[in-house]
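S.K.: Quick one: the structure is below, and I'll ask about it shortly.
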Amino acid sequence: MLCGEHNSHLRMVGKKIGLAVNVRGNEVSLCGGDWEIELAEKVLNQLYELVDADYPIYANDVEFAVRILSGDRSADLKRIFMDKVYVASDKTTITPKSINQKAYIDSIRRFDIVFGIGPAGTGKTYLAMAMAVSYLVKKEVKRIVLARPAVEAGEHLGFLPGDLYEKVNPYLRPLYDALHDMMDFENASRLIQRGVIEVAPLAFMRGRTLNDSFVILDEAQNATTEQMKMFLTRLGFSSKAVITGDVTQTDLPEGKVSGLIEARNILEGIKGIRFIYFSREDVVRHPLVQEIIDAYERRERQKEVRPKTNDNPS
């Protein structure tokens, strides 16, 4: 289990860290620099502890392990990987895969309002959804409310057919997708029909008080200042709110300030509210997603430092 099929896990450790990893019988030998050998030893020892605790090791776990321990040698993989957030209907266990993801779910447990801010693919919405379903299953809340601003991402969808719910459904599709990953389709549909799980545009939150609820606001960077204030003041007794967004991907009209950015500036430091910031190191999608994020960040930095040209040289 530690070595992987045809020693694929060991080869990945060697490739990611930059050293030679060889196995003969039950002995693994490492050949490389002192820094690389020390890191690889930590990775393999901690992965072996996970295997010994009956945690199934997959290729992505090996990659996450190298990434985590490269950034923090004192990190405890067992504490991170074995924190079960939720066991989905197909027995897939959802667990954090980075230090920030672990801090995120710990914050959701401890605080009533948590902001998860960072790039795409860092698990902000997915882990929040898993926590919400877990709270519902354990009867710690009576319902889940999932909200999203109905803002078009650079496209004009025109006059969509159907009633109001059918018109806004395309904006809410990502939330349904995440929900159906956690629960079988029939069970999720039944809970939605009964109103135990509600998926709605952010505008539908006005005038409500949400008691005994787990509320998630997704794509919060597309909420205006007024909408963000309205949403945050909906929270009632025995409720939790998780607000997720990526401040680098705002689809608001030019000149409109993102409510997520303003909330960060206004609310950070208030006791009872926690902000968790994700980075490219927390991306759990295709490896190319990290490269894409890096490329765009480099482009933005180049724009910021590019000197202005003099249109009227003397």
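The values are calculated or read from the model by the stated rules, or taken from the named source; none is laboratory data. This is a predicted model, so every value here is computed, not measured. Positions of Cβ are backbone-derived with ideal geometry, glycine not excepted, and every protein chain shown enters the neighbour counts. Please note that ligands, DNA and RNA were not included when accessible areas were found on the heavy atoms of the full protein model with its side chains. Shrake-Rupley method; radii C 1.70, N 1.55, O 1.52, S 1.80 Å.
S.K.: Ignoring the sites themselves, what is the longest stretch of the chain with no GluC sites (Glu not before Pro) in a DSSP loop and at most 10 other beta-carbon atoms within 10 Å?
M.R.: 1-154
S.K.: Quick one: P(r) of segment 73-152 from all Cα-Cα pairs, 10 Å bins, percents rounded to integers, in order of increasing distance.
M.R.: Per 10 Å bin, starting at 0, the Cα pair percentages come out as 16, 48, 30, 6, 0.
S.K.: Looking at segment 248-304, which trypsin sites (Lys or Arg not before Pro) are DSSP coil and have at most 10 other C-beta atoms within 10 Å of their C-beta?
M.R.: LYS271
S.K.: For the chain, what are the DSSP H helices with axial Cα length of 18 Å or more and mean Kyte-Doolittle hydropathy of at least 1.0?
M.R.: Long hydrophobic helices here: 124-137.
S.K.: Quick one: work out the % antiparallel among DSSP beta bridges in the chain, nearest 5.
M.R.: 25 percent
S.K.: Per residue, what volume in Å³ does the Cα convex hull of segment 1-52 take up?
M.R.: It comes to 68 Å³ per residue, whole-number rounded.
S.K.: Percent relative contact order of the chain, based on C-alpha pairs within less than 8 angstrom and at least six residues apart?
M.R.: 18 percent
S.K.: A further question on this structure: Given 0.36 nm per residue, what is the gain on full extension from HIS286 to ARG109 after removing their alpha carbon distance, in nm?
M.R.: My answer for the length gained is 60.9 nm.
S.K.: Counting each pair of different Cα atoms once, what's the Kirkwood radius of segment 167-251 in Å, rounded to one decimal?
M.R.: 13.9 Å
S.K.: Give the calculated FRET efficiency between GLU41 and LYS84 to the nearest 0.05, with a Förster radius of 22 Å applied to their Cβ-Cβ distance.
M.R.: 0.20
S.K.: For segment 1-84, run through the trypsin sites (Lys or Arg not before Pro) and keep only the ones in DSSP coil with at most 10 other Cβ atoms within 10 Å of their Cβ.
M.R.: ARG73
S.K.: With an 8 Å Cα cut-off and a minimum separation of 6 or more residues, compute the relative contact order for segment 16-101 in percent.
M.R.: Over segment 16-101, the number comes to 20 percent.
S.K.: Please report the carbon-and-sulfur percent of the accessible area for the chain; probe 1.4 Å, protein heavy atoms only, DNA, RNA and ligands left out.
M.R.: 50 percent
S.K.: Need the list of aspartates and glutamates near LYS16 for cross-linking: C-alpha distance under 12 angstrom, and skip anything on the same chain fewer than eight residues off.
M.R.: List returned: GLU36, GLU63.
S.K.: In deg cm²/dmol and to the nearest 500, what is the mean residue ellipticity at 222 nm of the chain if only DSSP H runs of at least 4 residues count, each as -39500 (n - 2.57), divided by the residue total?
M.R.: -14000 deg cm²/dmol
S.K.: Now for a different question. Along the principal axes of its C-alpha atoms, what lengths does segment 181-314 span, in descending order and rounded to whole Å?
M.R.: Computed over segment 181-314, the largest-to-smallest principal extents equal 72, 35, 29 Å.
S.K.: Select from segment 24-83 those chymotrypsin sites (Phe, Trp or Tyr not before Pro) which occupy a DSSP coil region and have at most 16 other Cβ atoms within 10 Å, ordered by residue number.
M.R.: Within segment 24-83, the qualifying chymotrypsin sites (Phe, Trp or Tyr not before Pro) (loop, at most 16 other Cβ atoms within 10 Å) are TYR58.
S.K.: Further question: What label, among [x] 18.9, 59; [y] 22.4, 77; [z] 25.2, 89, belongs to Rg and Dmax of the Cα atoms in Å computed from the structure on display?
M.R.: Looking at Rg and Dmax of the Cα atoms in Å for this model, the match is [y].
S.K.: Kindly state, to the nearest 0.05, the FRET efficiency for LYS303 paired with LYS271, given R0 = 41 Å and r defined as their beta-carbon distance.
M.R.: 0.65
S.K.: While we're looking at this one, here's another question. Would you kindly derive the ³J(HN,Hα) couplings of segment 247-257 from the backbone phi angles with the Karplus curve 6.51 cos²θ - 1.76 cosθ + 1.60 (θ = phi - 60°), listing them in order in whole Hz, with x for Gly and Pro?
M.R.: Ordered by residue, 3J(HN,Hα) equals 5, 8, 10, 7, 9, 5, x, 4, x, 8, 7 Hz.
S.K.: Please list, in order, the residues from segment 199-238 whose amide nitrogen is less than 11 Å from a point placed 7 Å along the Cα→Cβ vector of LYS256.
M.R.: 222-227
S.K.: Filter LYS78/LYS142; LYS229/LYS271; LYS102/LYS240; LYS229/LYS303; LYS84/LYS271 down to the pairs with a C-alpha to C-alpha distance above 21 Å, please.
M.R.: Check vs 21 Å cut-off fails for LYS78/LYS142; LYS229/LYS303; LYS84/LYS271.
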